[in-house]
Ligand code: C5P
C-alpha cells in the first residue's frame with residue numbers, strides 16, 4: 001500500500017490517502033504538544049512506540065469485541081487504517097483521580113474512585129475542548145443517542161480490557177482518552193491508545209510513565225515511554 005496525497009497534519013500524526021478510498025495511512029511523529037498546543041517539544045522515539053502500541057492494543061480490543069479502525073502495520077511509524085469520519089468527542093474514563101478531575105473537584109491525585117467515570121469533551125481547539133454531556137452532544141449534532149449509547153458501551157469495555165492488560169504489565173491505568181469514528185454507518189474505535197493519551201503509573205511505586213512527565217517537565221520522558229513499551233512485551 002502506498003501513500004498518495006497528505007490529507008491532514010495534526011499535532012502528533014500525518015494522514016495520507018491511498019488507492020483505496022476506504023483506507024488511509026497514518027504516520028506517527030515524535031512531536032509532542034500539551035495544553036492545547038501551548039507547549040511544544042519532541043519525545044524521541046515516541047512515534048514508533050505510539051504506533052506499535054496502539055496497533056497491538058487495538059488487536060487485543062478487536063478480539064474482545066470492540067471494533068477498531070486498525071487494518072495493517074506498514075512500518076514502525078506507519079499504519080493502514082479504515083478511513084472514518086471522526087465523532088467530534090474526546091471520551092475520557094477515569095479510575096483514579098488525577099489531572100483536570102483532581103483540579104476541578106479538589107481531590108488529591110491518586111485517590112481511587114468508587115466507580116469509573118465517563119466524560120465527553122467537544123473537540124474544538126479554538127474553544128479548548130470544553131467538557132459537555134450527552135444531551136449537549138446530541139443537541140449540537142456531534143452524535144446521535146444511538147451513537148452515544150454504543151460509544152458508552154464500547155468505552156467501558158475498553159476500560160475493562162485495558163485495566164487488566166496494563167495490570168499484567170505492572171502498570172495501573174489511572175485514566176485515558178479515546179476517540180471514535182463512523183465507518184459505513186458503524187461506530188468504531190479510532191485514533192490511538194498510548195502514553196500520550198493514557199495516565200499510566202507503576203503499580204508499586206506510582207511513578208508516572210506517561211505524557212504527564214512532558215506536561216509537568218518531570219524529565220525522563222523518553223525512558224518512561226520505553227519502559228511502558230518494554231513491559232507490554234510487544235515483539
Ligand atoms: O487533563 P485530563 O485530566 O482531563 O486528562 C484525562 C486523560 O485524557 C489523560 O489520560 C490525558 O492524557 C487524556 N487526554 C488526551 N488528550 C486531551 C486531553 C486529555 O489524551 N486533549
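The values are calculated or read from the model by the stated rules, or taken from the named source; none is laboratory data. Since this is a predicted model, take the numbers as computed values, not measurements. Glycine gets a Cβ as well: all are built from the backbone with ideal geometry, and neighbour counts include every protein chain shown.
Here are some notes:
One line per residue, one yes/no per condition, for (1) within 15 Å of the chain's Cα centre (by Cα); (2) surrounded by fewer than 17 Cβ atoms within 10 Å (Cβ to Cβ):
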site	(1), (2)
126	no, yes
155	yes, no
172	no, no
182	no, yes
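Yes/no per residue for (1) at pLDDT 95 or above; (2) within 13 Å of the ligand (Cβ to nearest atom); (3) farther than 19 Å from residue 231 by Cβ:
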| position | (1), (2), (3) |
| --- | --- |
| 132 | yes, no, yes |
| 138 | yes, no, yes |
| 153 | yes, no, yes |
| 161 | yes, no, no |
| 184 | yes, no, yes |
| 197 | yes, yes, no |
| 205 | yes, no, no |
| 217 | yes, no, yes |
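- Beta carbons closer than 8 Å, at least 6 apart along the sequence or on distinct chains, pair a first residue in the range 209-226 that is without any contact (Cβ under 8 Å) to a residue 24 or more places away in the chain with a second that is loosely packed, with under 12 Cβ neighbours inside 10 Å for 213/219.
- Every test in (1) touching a residue at least 40 places away in the same chain (Cβ under 8 Å); (2) outside the structural domain of residue 134 (by TED's automatic domain parsing); (3) buried (at least 17 other Cβ atoms within 10 Å of the Cβ) is passed by residue 65 save one, and that test is (3).
- Scanning the range 71-123 for residues that are touching a helix residue (DSSP H, G or I) at 6+ places or on another chain (Cβ under 8 Å), within 11 Å of the ligand (Cβ to nearest atom) and assigned to a strand (DSSP E or B) returns 91, 93, 94, 95, 117.
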